[in-house]
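The values are calculated or read from the model by the stated rules, or taken from the named source; none is laboratory data. The structure displayed is predicted, hence computed values, not measured ones. Quick reminder, even Gly has a Cβ in these numbers, built from the backbone with ideal geometry, and neighbours come from all protein chains shown. With ligands, DNA and RNA removed, areas are computed over all heavy atoms of the protein, side chains included. Shrake-Rupley method; radii C 1.70, N 1.55, O 1.52, S 1.80 Å.
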Amino acid sequence: MGDQKVRLRAMQAGDAGRVLAIYQAGIDTGHATFEAQAPDWPTFNAKYLPDCRLVALAGDAVAGWVGLTPVSSRAVYRGVAEHSIYIAPEARGMGVGRTLLAALVAQSEPAGFWTLQTSIFPENEASIRLHADHGFRVIGTREKIARMTYGPMAGQWRDTVIMERRSAIAGQD
């Protein structure tokens, strides 16, 4: 991917193969999610909201993606979403994550989201720093919240760091 400038666009169905491959590469690190396998496209597409679902392109290749999932079906939480962000292994350290997260923050407020949250394994220090740099704060650690079901850590309990970013629009009406 080299020194190519990263550009963003809305995620499209044609991105499915690459998006899911990047997701699986993140899963394979053992430090991205409790999921053992990336879902198929219909499941992924149903899970992630159409608003603020972006891919980063380096040249013509999808280098990363970000998407929102609702935290609840209750109307009072309509402006609260959890996000996922995944970067292709060959694009890590190139600013793709910074570009995607900045765009997500910028697009989320006009789309009506007042709180973005995420859950990160404490060992994923790069992701924690990335989020802190974009206005997310640590609100707590869920200790031994779940066990890994795959890989070298299968059966081990894992902690997650919960981070959130409150929008400037929260409480303005």
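Counting only protein heavy atoms, what percent of the accessible surface of the chain is carbon or sulfur at a 1.4 Å probe?
49 percent
Suppose the Debye formula is applied to equal point scatterers at every Cα of the range 3-85; what is log10 I(q)/I(0) at q = 0.12, 0.27 Å⁻¹?
-0.37, -1.38
Test of understanding: extend the Cα→C-beta vector of Gln37 to 7 Å, then name every residue of the range 130-158 with backbone N under 16 Å from that spot.
Residues 149-151 qualify, since their backbone N sits under 16 Å from the label point.
Tell me which of Ala88, Gln37, Val66 sits at the most positive position along the dipole axis of the chain, charges placed on C-beta atoms (Lys, Arg +1; Asp, Glu -1).
Value: Val66.
Rank Gln156, Gln37, Gln107 by mean-square fluctuation in a GNM of the chain with C-alpha springs under 10 angstrom and give only the top-ranked residue.
Checking each option, the largest mean-square fluctuation is seen for Gln156.
Name the residue, out of Glu143, Glu82, Glu35, whose mean-square fluctuation peaks in a Gaussian network model built on the chain with Cα pairs under 10 Å.
The residue with the greatest mean-square fluctuation here is Glu143.
Using only C-alpha positions, report the orientation-averaged shadow area of the convex hull of the range 80-170, nm², one decimal.
6.5 nm²
Classify the range 25-73: rounded, prolate or oblate, from the alpha-carbon gyration tensor (a ≥ b ≥ c, eigenvalue square roots; a/c under 1.5 rounded; otherwise prolate if a/b is larger than b/c)?
Oblate, because a/c is 1.5 or more while a/b does not exceed b/c.
Would you work out if the chain is rounded, prolate or oblate? Take a ≥ b ≥ c from the square roots of the eigenvalues of the alpha-carbon gyration tensor; rounded if a/c is under 1.5, else prolate when a/b is larger than b/c, oblate otherwise.
The shape class here is rounded.
Given the options Ala146, Ala103, Ala56, state which has the largest fluctuation in a GNM of the chain using a 10 Å cut-off (strictly under) for Cα springs.
Of Ala146, Ala103, Ala56, the Gaussian network model singles out Ala146 as fluctuating most.
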